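Just so it is clear, none of the values below were taken in a lab; they were calculated from the coordinates. Treat the numbers as computed from the prediction; the structure is a model and nothing was measured. Neighbour counts are summed over all protein chains in view; Cβ atoms, including those assigned to glycine, are modelled from backbone coordinates with ideal geometry.
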Amino acid sequence: MTLFETKNLSVTYRTARGPVPAVRSVDLSVDAGQTLGIAGESGCGKSTLVGSVLRLLPKSTEIGGEILLDGRNVLDLRPGELRAVRWAHTSIVFQGAMSSLNPVMKISRQLAEPVMLHEKVSERKARVRVGELLEQVGIPASRMDQFPHQLSGGQKQRIMIAMALACRPKLILADEPTTALDVMVQAQVLMLLKGLVAEMGLGLILITHDLSVLARTCDRAAVMYAGRVIETGPTAEVFGASRHPYTQALSGAFPAIGDPSSRYAPSGLGGDPPHPNDLPTGCAFHPRCAQARTECATTEVTLWPAGPSHAASCVLVRDRDTAAVPAPRSPAAERPAPADGAEDPADDGAGTPADGDTDGDGATDGETEAAR
Ligand SMILES: Nc1ncnc2c1ncn2[C@@H]1O[C@H](COP(=O)(O)OP(=O)(O)OP(=O)(O)O)[C@@H](O)[C@H]1O
Ligand SMILES: [Mg+2]
């Protein structure tokens with residue numbers, strides 16, 4: 001069952017300096033019991049995407065397309081309906097959760113509040129539920145009357161996950177839930193999230209900069225760049241056999257533990273991602289792409305199939321794997337499987353030289369209109 005789906009989702013902030021198209025034409029979906037990881041450089045629109053799902057963005061923000069939770073478009077919900085959906089259908093573990101707890105309120109009160117509001121139960125019953133929630137995330141119920149400063153960072157993170165579980169949601173959006181945690185606690189928190197997905201059949205969207213976290217936790221991955229999903233598919237394929245040059249660069253920037261060659265020669269990516277209101281024309285990645293062709297500065301890219309459930313928005317993929325058939329909206333959807341042989345995306349032969357023609361001259365805002 002599809003819990004969550006976006007269709008052609010675009011989010012544009014309205015600012016004094018003009019529109020900021022932070023998310024552009026994004027199609028994603030998550031089924032019950034499925035985990036989707038979203039990765040991408042800082043500023044590519046990950047938190048904006050999450051914020052739009054429960055309409056938590058500034059009022060002036062323009063949201064286009066559809067955001068479907070169990071088939072209902074969030075953008076059509078009235079305020080009361082929206083309140084009912086928040087926490088009860090979909091909950092969020094916010095980025096920077098470590099500082100999201102109220103320092104002068106006991107844990108029990110912070111966890112009981114959503115339970116009392118949504119389930120309309122007495123304070124006594126809510127405390128029982130708080131105890132259950134704490135045990136569920138591996139914290140003794142006896143600690144419920146402590147204040148946040150009496151807990152370690154990892155425990156606070158678990159409290160945030162407990163809060164997200166408080167109203168038995170079907171879908172959890174976790175925005176960098178393990179950033180700033182040490183690796184052992186990180187592993188515990190991830191195991192906890194994975195376990196909850198498996199036990200309770202939840203859907204999970206996990207946003208992280210850490211590709212090893214994503215690889216360990218998520219069935220499917222979506223890589224974002226400049227507000228768009230540029231590659232999506234099974235996690236092992238997206239990072240093990242990346243088809244988009246940006247995903248390849250992202251994977252290459254991650255050192256492999258125990259591999260001295262990667263430790264001493266990390267392959268990064270020059271330059272910065274573009275600001276959303278100053279996007280390059282054509283493929284937004286072309287000024288930084290070592291494999292760019294001249295046409296990349298003008299070609300409107302879309303997600304092209306790169307395997308049975310793998311897609312990437314690069315003309316190299318279009319030319320190699322498809323006859324320019326755009327990918328279906330939902331990455332989870334079945335599509336005919338083109339033979340997807342050896343997975344080296346850079347070996348397209350003579351047709352795909354890194355010809356160095358692209359020196360990033362196009363700095364106009366050509367894609368902004370198309371996004372809305
Ligand atoms: N309230 C806002 N008003 C205007 N622009 C905003 C607002 N919030 C975010 N942005 C811009 O939208 C773009 C996407 O921001 P967002 O926070 O979604 O990125 P992100 O991928 O979550 O980054 P990070 O990995 O650093 O958390 C950025 O260019 C950011 O400056
Ligand atoms: Mg963010």
Completion exercise
A correct Karplus calculation of ³J(HN,Hα) over segment 130-142, with 6.51 cos²θ - 1.76 cosθ + 1.60, θ = phi - 60°, whole Hz and x for Gly and Pro, returns 4, x, 4, 4, 5, 4, 4, 9, x, 10, x, 4, 5
Exercise for the section: Give me TYR225, TYR13 ranked fewest to most by other Cβ atoms within 10 Å of their Cβ, as a rough exposure proxy. Expected result: TYR13, TYR225
Completion exercise
Most exposed to least, judged by fewest other Cβ atoms within 10 Å, HIS286, HIS209, HIS149 sort to HIS149, HIS209, HIS286
Practice task
Would you kindly state how much longer the chain becomes between GLU199 and ALA16 on full extension, computed as 0.36 nm times their sequence separation minus their alpha carbon distance, in nm to one decimal?
Solution key: 61.2 nm
Exercise for the section: Per residue of segment 29-34, in order, report the coupling 6.51 cos²θ - 1.76 cosθ + 1.60 (Karplus, θ = phi - 60°) as ³J(HN,Hα) in whole Hz, putting x for Gly and Pro. Expected result: 8, 9, 9, 4, x, 10
Problem - P(r) of segment 64-167 over all Cα-Cα pairs, binned every 10 Å from zero, in whole percent - result: 15, 43, 28, 13, 1
Exercise for the section: Enumerate the calculated ³J(HN,Hα) couplings along segment 206-221 in order (Karplus 6.51 cos²θ - 1.76 cosθ + 1.60, θ = phi - 60°), each rounded to whole Hz, writing x wherever the residue is Gly or Pro. Expected result: 10, 9, 7, 8, 8, 5, 6, 4, 4, 4, 6, 9, 10, 6, 10, 10
Exercise for the section: Starting from 0 in steps of 5 Å, tell me what percent of the Cα-Cα pairs of segment 103-161 lands in each bin. Expected result: 4, 21, 33, 25, 13, 3, 0
Problem - Distant-in-sequence amide H partners of ASP31 (H built 1.01 Å from N, under 5 Å) - result: LEU3
Exercise for the section: Give LYS46/LYS170; LYS7/LYS156; LYS7/LYS125; LYS106/LYS194; LYS46/LYS125 a once-over and call out the pairs whose C-alpha atoms are over 30 Å from each other. Expected result: LYS7/LYS156; LYS7/LYS125; LYS46/LYS125
Practice task
Could you pull out every residue, at least 5 positions away or on a different chain, whose amide H is within less than 5 Å of the one on ALA306? Hs are placed 1.01 Å off N in the peptide plane, and Pro or chain starts have none.
Solution key: ALA311, ALA312
Exercise for the section: Fewest Cβ neighbours within 10 Å first, please rank ARG318, ARG216, ARG124 accordingly. Expected result: ARG124, ARG216, ARG318
Practice task
Could you please report the charge total around LEU269, scoring K, R as +1 and D, E as -1 over all other residues with beta-carbon less than 12 angstrom from its beta-carbon?
Solution key: -1
Practice task
Report relative contact order for segment 29-138 in percent, whole number only (criteria: Cα-Cα under 8 Å, sequence separation at least 6).
Solution key: 14 percent
Handout entry: Normalised contact order of segment 103-161, rounded percent, pairs of Cα under 8 Å and 6 or more residues apart
Key = 41 percent
Fill in the blank from the handout: Amide H contacts under 5 Å for VAL23, restricted to residues at least 5 apart in sequence or on another chain and with H modeled in the peptide plane, are VAL11
Problem - Residue-span extension gain [ASP145 to LYS59] - 0.36 nm each, minus C-alpha spacing - result: 27.4 nm
Exercise for the section: Would you kindly state how much longer the chain becomes between ASN102 and ASN8 on full extension, computed as 0.36 nm times their sequence separation minus their alpha carbon distance, in nm to one decimal? Expected result: 30.2 nm
